[in-house]
1. Cβ-Cβ under 6 Å, sequence separation 6+ or interchain: first residue in region B:18-29 and more than 17 Å from residue C:179 (Cα to Cα) and at the interface with chain C (Cβ under 9 Å from one of its Cβ atoms), partner at pLDDT below 95 and part of a helix (DSSP H, G or I). Which pairs?
2. Facing chain B (nearest Cβ under 10 Å) and either touching a strand residue (DSSP E or B) at 6+ places or on another chain (Cβ under 9 Å) or at pLDDT below 85 (or both) - does that describe any residue in region C:199-216?
3. Return a yes/no flag: does region C:219-226 have any residue that is more than 14 Å from every other protein chain (Cβ to nearest Cβ), out of contact with any strand residue (DSSP E or B) (no Cβ under 8 Å at 6 or more places or on another chain) and surrounded by 16 or more Cβ atoms within 10 Å (Cβ to Cβ).
4. Every residue in region C:10-23 that is over 17 Å from residue B:174 (Cβ atoms) and assigned to a helix (DSSP H, G or I), please.
5. Output yes when any residue across region B:31-43 is in a helix (DSSP H, G or I), more than 23 Å from the chain's Cα centre (by Cα) and crowded, with 20+ Cβ neighbours inside 10 Å, and no when none is.
6. Is it the case that some residue within region C:239-255 is under 19 Å from the mean Cα position of the chain (by Cα) and within 14 Å of chain B (Cβ to nearest Cβ)?
7. For region A:133-242, please list each of the helices (runs of 4 or more DSSP H) lying entirely inside it that holds at least 1 residues being free of Cβ contacts under 8 Å to residues at least 12 places away in the same chain and over 23 Å from residue A:62 (Cβ atoms).
8. Does residue A:117 satisfy the criteria of being over 17 Å from the mean Cα position of the chain (by Cα), surrounded by 17 or more Cβ atoms within 10 Å (Cβ to Cβ) and more than 24 Å from residue B:13 (Cα to Cα)?
């Protein structure tokens with residue numbers, strides 16, 4: 001069963017098409033890796049799921065619910081981290097989560113649970129504007145994990161983290177489906193990173209879906225077309241490059 | 001609507017101290033005025049409150065309107081500064097809950113300033129004038145009148161502040177509107193229905209029609225704001 | 001880095017900010033009623049002021065007492081926020097430029113904006129005076145030299161005030177306080193310009209100049225003496241202090 005499904009989802013800004021005829025299938029209980037270079041349309045797609053921007057055409061269903069009819073019902077099920085972390089600078093990390101907790105109507109313990117999970121417990125009394133980039137990212141992640149929602153949408157969650165932090169957060173994301181029976185949609189521009197987290201992969205370039213399936217399927221397909229499969233990053237670059245060539249050398 | 005959430009967001013933003021300081025400043029306006037030129041003012045014929053309001057109200061009202069302008073700008077500045085509002089929009093809540101919460105807080109804050117100023121006027125009455133029994137009823141009546149007349153300013157300024165992510169644009173428009181309101185003296189017609197000009201009226205100038213107009217404006221602005229919010233959602 | 005190239009950079013930073021529109025709009029709001037009520041100027045003859053002088057001085061007083069100071073409060077917010085919004089200030093502080101120079105440049109930029117607004121005002125005056133002249137069949141237009149002199153005096157006397165607002169914006173980090181204090185300072189300026197100690201309050205200088213001019217125009221030449229020595233001394237000392245404090249405090253918060 002698919003938790004998130006899109007049909008010919010398209011978003012254009014004037015004559016620029018950010019997302020074009022996208023049809024995604026994100027299975028329930030999986031970690032779905034959303035891969036593509038900067039500006040491929042990953043964030044735009046995720047923003048559409050959250051109702052932050054409106055599709056130009058096409059539809060999507062989340063847990064059987066349709067946007068915009070069931071907007072609030074959809075948002076009740078999603079925890080999200082989009083682009084740069086969004087928060088209130090004049091409040092502490094704990095107070096920021098407290099606000100989200102109140103809106104979601106969760107028990108008081110949820111805030112500490114989330115802080116514990118992302119390793120921010122000892123900095124919870126510090127003002128959010130005084131956080132380092134990595135701490136802000138962790139705060140955003142805590143906001144997404146608050147209340148253990150059935151769907152998580154995470155846009156480049158390891159941005160700004162140090163190697164230890166990256167490893168820690170990857171392991172956390174990897175463990176989420178078993179821990180909370182949730183579905184995770186996570187984006188990245190590194191195939192090597194997605195490989196470590198995701199069960200399913202979708203590759204996006206210039207708003208078009210180049211590939212959707214498991215990592216093994218991707219490797220098989222690439223081998224058949226003569227791409228280097230021993231080095232994942234090179235394979236990804238070759239794939240993107242071929243697509244760019246097809247579009248007349250546009251980058 | 002959740003008043004508590006909006007209240008929690010205003011922590012450490014300087015919002016409450018600003019309104020307390022503004023209210024205190026407004027309360028001192030008549031005191032200073034009386035102390036400097038009491039011999040002129042007490043000599044006039046007429047009701048003490050009328051003399052006091054005549055001499056001070058335009059200045060106090062101006063302070064209040066500017067407080068509302070600055071307060072509304074601040075409320076949305078903290079939303080936009082680190083994109084807090086974007087997080088709220090991804091949560092299962094309706095945007096008008098946020099707006100209504102902010103309206104309540106700004107209303108209460110400006111009422112607080114008005115109460116302080118009323119105390120200041122009352123003090124001046126007791127100290128410098130021989131007051132009759134109806135002084136305090138009229139003083140309270142004035143406060144009530146102005147409270148109602150303040151509401152259109154509160155709602156429209158919040159709307160302006162919510163439309164612009166750069167605080168100085170909202171502030172610039174707010175200041176422009178205050179300026180337009182100060183021209184009321186030269187033009188007493190339609191301009192006195194201008195939201196920013198309404199709080200400049202006192203109980204001696206305003207009548208029941210003005211209260212009805214204020215209520216109508218609040219409803220009208222709320223509906224306009226709701227409509228614009230609908231359009232914004234459609235165009236993002 | 002050369003001063004003028006820093007100034008060029010600062011001007012570039014406020015591109016697309018629509019600040020010129022915000023400086024211009026209040027003047028339109030100010031002039032429309034003045035043109036519509038141009039006939040009111042004929043009732044002032046009793047006070048000894050000619051209708052054309054009254055037409056000029058009423059509008060300029062309307063600008064000087066509130067709109068001019070308030071515009072600068074808005075401009076200071078613009079300058080501070082463009083630096084802070086995306087932490088541009090950190091980049092600027094890491095460049096090989098003296099911070100004091102940067103701070104003074106921004107103040108000069110405020111002065112340029114003030115000059116632009118004053119030129120808008122003069123331009124609007126001549127347009128509106130022409131319109132009023134044709135509707136009232138009476139020449140309201142005063143000679144260019146007279147208007148330029150008055151506008152020049154207004155601009156020069158607003159320099160200490162702008163320095164004061166800039167110091168407030170630099171020193172007070174919490175925006176609601178810097179804006180609130182700036183706006184609150186404007187409110188009592190009319191009150192203070194009526195007292196003997198007016199020269200200690202920079203915000204009322206431009207307005208005070210116009211009150212004096214009004215007196216001169218109304219009483220046909222016999223002008224009241226402006227106490228030049230204490231005023232000039234106070235203005236220079238205060239401006240110096242304002243600028244010095246802003247330069248010392250500029251960027252301090254970010255470099256802690």
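1. So the pair list comes out as B:29/B:56; B:29/B:59; B:29/B:60.
2. We begin by selecting, within region C:199-216, every residue facing chain B (nearest Cβ under 10 Å); these are none.
No; the residues of region C:199-216 include none that is facing chain B (nearest Cβ under 10 Å) and either touching a strand residue (DSSP E or B) at 6+ places or on another chain (Cβ under 9 Å) or at pLDDT below 85 (or both).
3. Within region C:219-226, none of the residues are more than 14 Å from every other protein chain (Cβ to nearest Cβ), out of contact with any strand residue (DSSP E or B) (no Cβ under 8 Å at 6 or more places or on another chain) and surrounded by 16 or more Cβ atoms within 10 Å (Cβ to Cβ).
4. C:10, C:11, C:12, C:13, C:20
5. Of all residues in region B:31-43, those in a helix (DSSP H, G or I) come to B:31-41.
Now narrow it down to the ones that are more than 23 Å from the chain's Cα centre (by Cα): B:34-41.
Add one more test, that the residue is crowded, with 20+ Cβ neighbours inside 10 Å, and what stays is B:34, B:41.
Yes.
6. No, the conditions are met nowhere in region C:239-255.
7. Numbers: elements: A:133-145, A:163-180, A:191-197, A:215-224.
Because the criterion is at least 1 residues that are free of Cβ contacts under 8 Å to residues at least 12 places away in the same chain and over 23 Å from residue A:62 (Cβ atoms), the helices (runs of 4 or more DSSP H) in region A:133-242 that meet it are A:163-180, A:215-224.
8. Here the answer is yes, as residue A:117 does meet what is asked.
The values are calculated or read from the model by the stated rules, or taken from the named source; none is laboratory data. All values reported here derive from a predicted model rather than from experimental measurement. Here Cβ is always computed from backbone atoms with ideal geometry, including for glycine, and neighbour counts include all displayed protein chains.
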